[in-house]
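The values are calculated or read from the model by the stated rules, or taken from the named source; none is laboratory data. A quick note: this is a predicted structure, and the numbers were derived from the prediction, not measured. Cβ: placed from backbone, ideal geometry, glycine included. Neighbour counts: every protein chain shown. What goes into the accessible areas is simple: the full protein's heavy atoms, side chains included, and nothing from ligands, DNA or RNA. Shrake-Rupley method; radii C 1.70, N 1.55, O 1.52, S 1.80 Å.
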Amino acid sequence: MLERKPSILSRIVKHIIVWIYRRNGWSAVGKAPKDQRFVIVAAPHTSNWDFLYFIGLTNELGIQPHFMAKESLFRWPWKNFLLDMGGVPVDRSGGKDIVAAMVQEFSKRKQFMLTIAPEGTRSSVQQWKTGFYHIAREANVPLVIGMMDYGNKTGGLIEAFMTTGDYKQDMKIIEKNYKSVTPRHPDKAMKNIVDTSL
């Protein structure tokens, strides 16, 4: 089966994003695991600029990240554009099991780098959503810690590890990596991401 050529719109948009990324002096750090099937933890997420710079740095790292978006968005005229940018349609109606749906996606693909922002919003939150963890655990793929550090304009993939099933201990590994990362809006970032109530 031949791969569909990216649309003109997606190529233009990506070119503009990469130009802005480079123009603003950002650079990528780290590298992706050899097995290109993993969940990227995208945090802290406090601004729309995070997505733009993340596209720039993953382009520099030579990988194609994916992200979930509601199924209703994948219609003309945006369907091909969203697919080209790495979008994966998900049905969020009626309490559908998104974790199971993404685990199934992992089983079907040889390359799948699913990016998830655990905060679930750019606003300040008190607790991360845990779906990213359960997807990695059930799909038996690594969690890769991604970051955007506005303090020194670097972003990338800084550590990969397999989940153990001990959520609190695994979250401590993640939290350790974000201690020195400066988000665009520090006041919106969680101070402690380990939920001691779990």
- Item | Protein-only accessible surface order, largest first, of Arg109, Arg75 at 1.4 Å | Arg75, Arg109
- Under a 5 Å amide H to amide H cut-off, with H placed in plane at 1.01 Å, what residues pair with Ile40 once short-range neighbours are removed? Leu114, Thr115, Ile116, Val144
- With the 1.4 Å probe rolled over protein heavy atoms, the range 1-150 has an accessible area per residue in Å² of 57 Å²
- Note on the structure: For Arg11 the rounded accessible area (nearest 10 Å², probe 1.4 Å, non-protein molecules ignored) is 110 Å²
- Want the number for Ser72 to Lys153: 0.36 nm per residue separation, take away the alpha-carbon distance, what's left? 25.7 nm
- Note on the structure: For the chain, the Debye formula with one identical point scatterer on each Cα and no solvent gives log10 I(q)/I(0) at q = 0.13 Å⁻¹ as -0.71
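Would you mind getting the Kirkwood hydrodynamic radius of the range 1-73 from its Cα pairs, rounded to one decimal in Å?
Numbers: mean 1/r = 0.0710 Å⁻¹.
About 14.1 Å, per the Kirkwood formula over Cα pairs.
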- Query: Which of Leu61, Ala28, Asn80 sits farthest toward the positive end of the charge dipole of the range 1-102, with +1 on the Cβ of Lys and Arg and -1 on the Cβ of Asp and Glu?
  - Reply: Asn80
- Note on the structure: With every protein chain kept in place and a 1.4 Å probe, the residues Tyr167, Tyr133 fall, from largest accessible area down, as Tyr167, Tyr133
- Query: Using the alpha-carbon centroid of each, what span in Å lies between the range 145-182 and the range 1-49?
  - Reply: 18 Å
- Message: Leaving ligands and nucleic acids out of the surface, order Thr115, Thr164, Thr182 by accessible area at 1.4 Å, largest first.
- Response: Thr164, Thr182, Thr115
- Query: Any idea what the relative contact order of the chain is, in percent, if you count C-alpha pairs under 8 Å spaced at least 6 apart?
  - Reply: 29 percent
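Do the sum for the chain: with -39,500 (n - 2.57) for every DSSP H run of n ≥ 4, divided by all residues, what is the mean residue ellipticity at 222 nm, to the nearest 500 deg cm²/dmol?
Working: 6 runs with 67 residues, N = 198.
Mean residue ellipticity, 222 nm, calculated: -10500 deg cm²/dmol.
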- Message: Apply the Karplus curve 6.51 cos²θ - 1.76 cosθ + 1.60, θ = phi - 60°, to the phi angles in the range 61-77 and return the couplings in whole Hz, x for Gly and Pro.
- Response: 7, x, 10, 10, x, 10, 8, 8, 8, 5, 4, 5, 6, 8, 10, 4, x
- Note on the structure: One would report the antiparallel percent of DSSP beta bridges in the chain, rounded to the nearest 5, as 25 percent
